[in-house]
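Visitor: I'd like to ask you about the structure that follows.
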Amino acid sequence: MKILRTDPDRFGIRARLLTLLLPAILGLLALDSWNDYRALENQVQDAYDQSMLEAAHALQSSVAPARDGSLQLNAPAGVQALFGAEPLQKYLHVSLSPLPEAQAQAGNASPGELTLLGGSDLPAPPDASASPVWYDSFHAGHPVRVVALYSQVQDGRGRPFSLRIQVAEGTEPRDRAQAATLRQELIRDARMVLVMVLLVWLGVTWSLQPLERLRKSVLESKHTDLKPLDTSGVPHEVAPLVEAVNQHLASYRDLLEQQSQFLADASHQLRTPLAIMLTQAGVALREKDPEQLHATLRAMVAQIARSRRLCEQLLSLAHASDSAPPAGAPALVDLNTVAREVVLQHLALAHEKNLDLGWADARGEAVDTGAAQETATPVVPVLAREPELHEALSNLVHNAIIYTPPGGHITVTAGSRDGMAFAEVRDDGPGIAEARRAEVFERFHSGGQGAERGARGAGLGLSIARAYARRNGGDIELADAVPGTGLRAILRLPPAAVSQR
């Protein structure tokens, strides 16, 4: 018995599911985490930018004319306290620049850019046409985020000035806040990944538990126990596979039962002739009369011949009942020629019993069996295995010879009828009742009534004939030769097409 072993390098169901699910889940979690991080990063940036912009607007509203008409900055103390401290990395710069109209009114006495608060070394904005202007730069050796706010103000004399307010803040606090946010996001995602992996693993394991229980039940069962597998707890996706296995087990169980029955029947059939020969041998050893001794030996020879015939039939039946596909493809066979050869083979046996064994050629001519010649083109072509057809017809003819009384007639014919090729063995013996014709095809069932007790066969002939017929796509039928008497055993096969040259 060939045992199929699994390939350890091949993925199982669990590995396939995990390979499919885990990368997809991890990919979705990574995409979701990235989107969340970007959203939190923007929120952090907006919060810091908003605080810087509020400080700039507070300074803008604090610029007003003094008593002498000049512009002065009355910055809130809280704003000034927050900016300018080096550890905080926050910087302010408020400056005034006279517009052309103010320069024309003041003449040469017009001042240049005037710094009201902070140092003038903050990086200049890249674009002064928009307000507010956000940009990143470096100051005092540190990366800073800067907002520049432009507006137009007038002093007490009505002269216009351009007010520029710059608020700068080091990016280190922002980076720390973003790093903390990223750490929290990674910790949360790691927990989520672990939970998802655990859930997927448990789900796959739970789903495969019925298959694991099924595997254990099969391994724990005895090799002689061929009961169907229980499909009650199997997932419906796997149920068809289990049902197919059950069908295979049922076929195998039926085959084993047939083999066991065949061995039991064969043992019974062989035990009887062996017992008879053993008794005859004992009688021959005690026999003093030479004539009686020769009679006993002749009886032993006849019994040996019947035993030999039984052994040959058992071998033929085992071959015909083999469920494995026959070796070799069917060939084109002339059923008419096979029937003629079978008749020639059994002429001597028929003459010994004083039977008229004849053959009717399929061409409708009266052909002598001893002089008929094979034709180049098959008369009744069929696709089959010639030795098996020969064995099937031989059993039909042999049965007719056994059960036809002396002086009877047996005729073998071949031809085509109703779209089927056929070979028919007709006799005028006692026949078989129609109600019993199905059971005579069973093994070791002798259905004839006309044979002498010692000449009856083992009841295998029709079983062998039908098995070989079915192996070649045909069947055996039984019918009356004439109403109420005789028997026709008909071998039917699908015809084969023959190309005409």
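The values are calculated or read from the model by the stated rules, or taken from the named source; none is laboratory data. Keep in mind it's a predicted model, so treat the numbers as computed, not measured. As a convention, Cβ positions derive from the backbone with ideal geometry for all residues, glycine included, and neighbour counts pool all protein chains shown. Protein only, heavy atoms only, side chains kept; ligands, DNA and RNA dropped before computing areas. Shrake-Rupley method; radii C 1.70, N 1.55, O 1.52, S 1.80 Å.
Visitor: Checking the a/c ratio against 1.5 first, then a/b against b/c, what shape does the Cα gyration tensor give for region 105-258? Don't skip to the end; give the middle numbers.
Guide: On the way: a/c = 8.59, a/b = 5.53, b/c = 1.55.
Verdict is prolate for region 105-258.
Visitor: Starting from the Cα gyration tensor of region 157-197, take the square roots of the eigenvalues, sort them a ≥ b ≥ c, and report rounded, prolate or oblate (rounded when a/c is under 1.5, otherwise prolate if a/b is larger than b/c, else oblate). Each step should come with its number before you reach the end.
Guide: Working: a/c = 11.43, a/b = 4.77, b/c = 2.40.
It comes out prolate by the Cα gyration axes.
Visitor: Leaving out ligands, DNA and RNA, what percent of the accessible area of region 117-255 is carbon and sulfur, probe 1.4 Å?
Guide: Values: 5150 of 8620 Å².
Taking all protein chains in place, region 117-255 shows 60 percent carbon and sulfur surface.
Visitor: Okay, moving on. Can you give me the long-range amide H partners of Leu122? Hydrogens built in the peptide plane at 1.01 Å from N, cutoff under 5 Å, separation of 5 or more residues or another chain.
Guide: none
Visitor: Which net charge results when you count Lys and Arg as +1 and Asp and Glu as -1 among the other residues whose beta-carbon is under 14 Å from that of Asp175? Walk me through the intermediate numbers first.
Guide: Details: positive: Arg145, Arg174, Arg176, Arg183; negative: Glu41, Asp136, Glu169, Glu172.
Local net charge: 0.
Visitor: Give me the accessible area per residue for region 133-200, probe 1.4 Å, as a whole number in Å².
Guide: On the way: 3510 Å² over 68 residues.
On a per-residue basis, 52 Å².
Visitor: A further question on this structure: Using a/c under 1.5 as the rounded threshold, could you call region 203-246 rounded, prolate or oblate? The axes a ≥ b ≥ c are square roots of the C-alpha gyration tensor eigenvalues, and prolate needs a/b larger than b/c, oblate otherwise. It would help to have the intermediate numbers written out before the result.
Guide: Values: a/c = 3.09, a/b = 1.47, b/c = 2.10.
Note, shape of region 203-246 comes out oblate.
Visitor: From the protein chains alone at 1.4 Å, what is the descending order of accessible area for Lys227, Lys353, largest first? The partial results should precede the final answer.
Guide: Values: Lys227 135, Lys353 50 Å².
These residues rank, largest area first, as Lys227, Lys353.
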